[in-house]
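S.K.: Okay, here's the structure, questions in a sec.
The values are calculated or read from the model by the stated rules, or taken from the named source; none is laboratory data. Here the structure is a predicted model, which means the values were calculated and not measured. Backbone-built Cβ (ideal geometry, glycine too); neighbour counts: all protein chains shown. Keep in mind that these areas ignore ligands, DNA and RNA; they rest on the heavy atoms of the full protein, side chains included. Shrake-Rupley method; radii C 1.70, N 1.55, O 1.52, S 1.80 Å.
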Amino acid sequence: MNRIFLVALIGWSTVALAQPAPETYPDDPASIEQPGVPKGEVLKFTFEQSKIFPGTWREYWVYVPAQYRPEKPACVYVNQDGIQWKAPTVFDNLIHQGQMPVTIGVFVTPGRVRAANADKALDRYNRSVEYDGLGDAYARFILEEILPAVETHKASDGRAIRLSKNGNDRAIGGSSSGAVCAFTAAWERPDAFSRVFSAIGTYVGLRGGDRYSTLVRKTEPKPIRVFLQDGTNDLDIYAGDWWKANEAMERALTFAGYEVEHVWSEGGHNGKHGTAVFPQAMRWLWKDWPQPVTAGKSRNQFLSDMLLPGEGWQAAGPAAETPLKEKKSGRDVPGPGGTRYALINSQVRIYDASGTEKAVVRGITGTDLVVAHNGNGYLLADGPGQRSRLYLIRATGERIQVDDRLNGAAGIALTPDQTQLYALESGTHWVWIYQISPDGTLSSKQRYGWLHVPDTAEDAGAAAIACDRDGRVYVATRLGIQVLDQLGRVNAILPVPGEQTTQLTFGGADSKTVMIRCGDKHYRRTLNVQGVKPYEAPIKPATPRL
């Protein structure tokens, strides 16, 4: 009996010793109410008129600092999951000490679609939909619905609430799914949120957050400053390893040139360490304000080779519209030796350099056309259902169908050496490739280019394609301009300034200007590359790195 008791005691002791020590962290003085510090007030409201998340009801709180004056719109901090981090006390102290600007805090809970009868049914809990999902829906919800609602209220002493519309004056934060939500809002709208506090962030495989460490590395840097907190005992469950995912985010942000600070502990998936470091995070995020947060320089060599310092997207006038590929009948495509291939109604007309018509291909309405140096043209045309057809159009006017099994094809382009042809599918995430035979027909069709797809769509939305002389492939997609190497790998993503890009081409006297169309607006950007003119002599690019 004594032996059994001793074994049991040893086992209990082993288990007791294996238990992690309770998490304790020193209090930052800013987290404690201090004598003589003016106190702001916290107002509570509800919101249930959302058009972005229809039918949802939620609570939100507004912190108004004592120092706030309506004559000057205040900076803004938005937090998910309501009030956390002893934030009102922290804001009182840091604003009083001049360590952060006069800031109105907006603390929002996730939405619920309330059951008609709470005794018999559960509410629909919208937290994962709103917080874990990628895309701009939550950012729009805050910017278009919550912040305007905040500005309809007044402080208890009658002060009107006016919020700055400048992204440099706005920060956003949260914990767990609220943290990835905060990062997503800034990622989608860096013009609206430039500072992010992320505690125990859910950058794992729930609704796409695991993609961020890759997207950050590939995408041209954005003007965002990020403070990360996590602990080695964070969750390690079906969706991923939170601790390793936060490490991966920190490394990705550093690689991509972002201003990023991080504080790691041995803590778990809770708010203890986040509360302890919140004052430190606020001091760091607001340091040097009102100096703007700027985009850094990425170590992505593919981006570095393409981009010119200080060159961004510029609005373009009507003169820039001419080179863009209009996806309709009635446009000209240049051919070799001054020839022209014109899409007119349901015809392809071929003209020589003097303007004399050489040949006519009838009964075909094309959506995209490219002409090689040898005079062979390749024409995309709509087929039955969602299928598209691809034709070889010879300079003599002969028409040969070379494929009829593309899923909503949206664009075609020749490789610089004109031995292969790319074709985009708008209904998938693939770029197909064909080998061009000596007689101009196509063979060896293969899925080749793999495009990133946003969380909010089932396809990449590929709409246009072009190549540069070094073999890079530029594809207009829902995520911006995705740039692939010659092996079909997306190495870089260039965000665009407006809606999804529907047209893309290289133009300018030296073919170094990328011209795009986003909605009804046109933009241009000069790059450190030179676009291909397919009708000119073929160019053999350097061998790619495997």
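S.K.: I need the P(r) histogram for the stretch 130-262: all alpha carbon pairs, bin width 5 Å from 0 out to the longest distance, whole percents.
M.R.: With a bin width of 5 Å, the distribution comes to 2, 11, 19, 24, 17, 11, 7, 4, 3, 1, 0.
S.K.: For the stretch 183-222, what is the convex hull volume of its Cα atoms per residue in Å³? Don't skip to the end; give the middle numbers.
M.R.: Values: hull volume 2.8 nm³, N = 40.
Considering the Cα atoms of the stretch 183-222, their hull volume per residue is 71 Å³.
S.K.: So what's the convex hull volume per residue for the Cα atoms of the chain, in Å³? Before the final figure, lay out the partial values.
M.R.: Working: hull volume 122.7 nm³, N = 546.
Per-residue hull volume (Cα only) is 225 Å³.
S.K.: I need the fraction of alpha carbon pairs in the stretch 221-272 separated by more than 14 Å, rounded to a whole percent. Intermediate results must be reported in sequence, preceding the final value.
M.R.: Values: 691 of 1326 pairs.
Of all Cα-Cα pairs in the stretch 221-272, 52 percent lie more than 14 Å apart.
S.K.: Here's another thing I want to ask about it. I want the local charge near I436. Using Cβ-Cβ distances under 15 Å, sum +1 for each Lys or Arg and -1 for each Asp or Glu among the other residues.
M.R.: On the way: positive: R394, K445, K540; negative: D403, D417, D439.
Taking every Cβ under 15 Å from that of I436, the sum is 0.
S.K.: State whether the stretch 247-286 is rounded, prolate or oblate according to the following rule on the C-alpha gyration tensor (a ≥ b ≥ c being the square roots of its eigenvalues): a/c under 1.5 gives rounded; otherwise a/b larger than b/c gives prolate, and the remaining case gives oblate.
M.R.: Values: a/c = 3.50, a/b = 1.36, b/c = 2.57.
Verdict is oblate for the stretch 247-286.
S.K.: Please list T24, T502 in order of solvent-accessible area, largest first, computed with a 1.4 Å probe with all protein chains present.
M.R.: Heavy-atom accessible area, descending, gives T24, T502.
S.K.: Debye calculation, C-alpha points only, no solvent: report log10 I(q)/I(0) for the stretch 79-130 at q = 0.13, 0.16, 0.20 Å⁻¹, in the same order as the q values.
M.R.: Those come out to -0.50, -0.62, -0.75, one per q.
S.K.: For the stretch 86-187, report the translational diffusion coefficient in µm²/s to the nearest whole number, using Stokes-Einstein at 25 °C, 0.890 mPa s, and a Kirkwood Rh over Cα pairs. Please list the in-between numbers first.
M.R.: Numbers: Rh = 15.8 Å.
The calculation lands on 155 µm²/s.
S.K.: Calculate one ³J(HN,Hα) per residue across the stretch 501-513 by plugging θ = phi - 60° into the Karplus curve 6.51 cos²θ - 1.76 cosθ + 1.60, and present them in order as whole Hz with x for glycine and proline.
M.R.: Ordered by residue, 3J(HN,Hα) equals 6, 10, 9, 7, 7, 8, x, x, 4, 10, 6, 9, 9 Hz.
S.K.: Please give the calculated 222 nm ellipticity per residue for the chain, where each DSSP H segment of at least 4 residues contributes -39500 (n - 2.57) and the sum is spread over every residue; nearest 500 deg cm²/dmol?
M.R.: Values: 10 runs with 94 residues, N = 546.
Mean residue ellipticity at 222 nm (helix-derived): -5000 deg cm²/dmol.
S.K.: Let me ask something else about it. Would the stretch 422-524 count as rounded, prolate or oblate if I go by the C-alpha gyration tensor, calling it rounded below 1.5 in a/c and otherwise prolate when a/b exceeds b/c, oblate otherwise? Before the final figure, lay out each step's value.
M.R.: Details: a/c = 1.94, a/b = 1.25, b/c = 1.55.
Cα axes put the stretch 422-524 in the oblate bin.
S.K.: Please express the Cα-Cα pair-distance distribution P(r) of the stretch 337-423 as a list of whole percents, one per 10 Å bin, running from 0 to the bin with the greatest distance.
M.R.: 18, 52, 27, 4
S.K.: Over the chain, what relative contact order in percent results from Cα pairs under 8 Å that are six or more residues apart?
M.R.: Working: 1286 pairs, mean separation 50.0, N = 546.
Dividing the mean separation by the residue count of the chain yields 9 percent.
S.K.: In percent, how large is the relative contact order of the stretch 74-202, given Cα pairs closer than 8 Å and 6 or more residues apart? Could you put the intermediate results ahead of the total?
M.R.: Details: 224 pairs, mean separation 34.8, N = 129.
So the answer I get is 27 percent.
S.K.: Stick to the Cα atoms of the stretch 431-481, pair each with every other, and give me the Kirkwood hydrodynamic radius in Å at one decimal.
M.R.: Values: mean 1/r = 0.0793 Å⁻¹.
It works out to 12.6 Å.
S.K.: Here is a follow-up. Around A121, under 14 Å between beta carbons, what's the net of Lys plus Arg minus Asp minus Glu among the other residues?
M.R.: It works out to a net charge of +2.
S.K.: Tell me the accessible surface of R362 in square angstrom (1.4 angstrom probe, heavy atoms of protein chains only), to the nearest ten.
M.R.: 150
S.K.: Per residue, how much accessible area does the chain have with a 1.4 Å probe, in Å²? Provide the component values of the computation, followed by the final result.
M.R.: Values: 24470 Å² over 546 residues.
Here the per-residue accessible area is 45 Å².
S.K.: I need to check one value: relative contact order of the stretch 431-544, counting alpha carbon pairs closer than 8 Å and at least 6 residues apart, in percent. Working shown, then result.
M.R.: Working: 232 pairs, mean separation 21.1, N = 114.
The normalised contact order for the stretch 431-544 reaches 19 percent.
S.K.: Follow-up question, since we're still on this one. Within the accessible area of the stretch 92-215, what % is carbon and sulfur when the probe is 1.4 Å and the other protein chains stay in place?
M.R.: On the way: 2000 of 4460 Å².
On the stretch 92-215, the fraction of accessible area on carbon and sulfur atoms equals 45 percent.
S.K.: For the stretch 106-179 and the stretch 264-305, what is the separation of their Cα centres, given in Å?
M.R.: Cα centroid to Cα centroid, the span is 22 Å.
S.K.: Per-residue HN-Hα couplings for the stretch 292-300, Karplus 6.51 cos²θ - 1.76 cosθ + 1.60 at θ = phi - 60°, whole Hz, x for Gly and Pro?
M.R.: 3J(HN,Hα) across the stretch 292-300, in whole Hz: x, 6, 10, 6, x, 10, 6, 8, 5.
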